[in-house]
Amino acid sequence: MPKKTTDSKAPVKTEVANNTNKASFKTNTIKLLKKPVVTEKSAMLGKDNNEYVFKVDISADKANIKKVISDLYKVNVESVNTIIRKGKEVRFGKVSGKRSDEKFAIVKIKKGQTINIIK
């Protein structure tokens with residue numbers, strides 16, 4: 001009987017996932033943006049400098065934040081600054097632990113545009 005041989009150099013077909021559909025965009029947005037930060041300081045930033053503050057996922061990078069904000073709110077993002085706040089060491093009686101680290105994005109948009117955070 002002839003022996004079957006396999007060609008190891010044959011091209012392998014792979015399918016690339018297309019992340020342009022609305023369902024994946026929604027899940028990526030939900031994972032990336034957690035919530036807008038509404039405080040007195042963030043309100044002053046929005047009023048004076050046209051900057052808005054969002055709590056984002058710790059693994060989010062500036063390019064993804066810029067893309068998601070511009071697509072979600074239909075604004076032109078000029079710049080994104082990020083801040084990582086380290087979690088505190090806390091104690092509950094004899095048990096000690098650590099709160100999670102948090103990441104915030106300060107997003108500056110073009111003059112004349114606004115983001116309506118409170119609806």
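Within the range 45-65, the only residue that satisfies the criterion of being over 14 Å from Ala105 (Cβ atoms), at pLDDT 90 or above and in a helix (DSSP H, G or I) is Asn49.
Yes/no matrix, rows are residues, columns are (1) out of contact with any strand residue (DSSP E or B) (no Cβ under 7 Å at 6 or more places or on another chain); (2) over 14 Å from Asn49 (Cβ atoms):
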{"position": "Asp71", "(1), (2)": "yes, yes"}
{"position": "Lys74", "(1), (2)": "yes, yes"}
{"position": "Thr82", "(1), (2)": "no, yes"}
{"position": "Glu89", "(1), (2)": "no, yes"}
{"position": "Phe92", "(1), (2)": "yes, yes"}
{"position": "Gly97", "(1), (2)": "no, yes"}
{"position": "Ser100", "(1), (2)": "yes, yes"}
{"position": "Thr114", "(1), (2)": "yes, no"}
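Scanning the range 50-103 for residues that are of a type in the set (Phe, Trp, Tyr), under 26 Å from Asn116 (Cβ atoms) and free of Cβ contacts under 8 Å to residues at least 60 places away in the same chain yields a total of 2. The set of residues in the range 103-118 that are among the charged types (D, E, K, R) and either modelled with pLDDT under 95 or not in a strand (DSSP E or B) (or both) comprises Lys110, Lys111.
For the range 66-98, filtering for residues that are within 20 Å of the chain's Cα centre (by Cα), not in a strand (DSSP E or B) and not hydrophobic (A, V, I, L, M, F, W, C) leaves 9.
For the range 56-88, a tally of residues being within 9 Å of Lys103 (Cα to Cα) and in contact with a Leu (Cβ under 8 Å, 6 or more places away or on another chain) returns 3.
The values are calculated or read from the model by the stated rules, or taken from the named source; none is laboratory data. Bear in mind that the values here come from a model prediction, so they are computed numbers and not experimental data. Note that we place each Cβ from the backbone using ideal geometry, even for glycine, and neighbour counts take in every protein chain shown.
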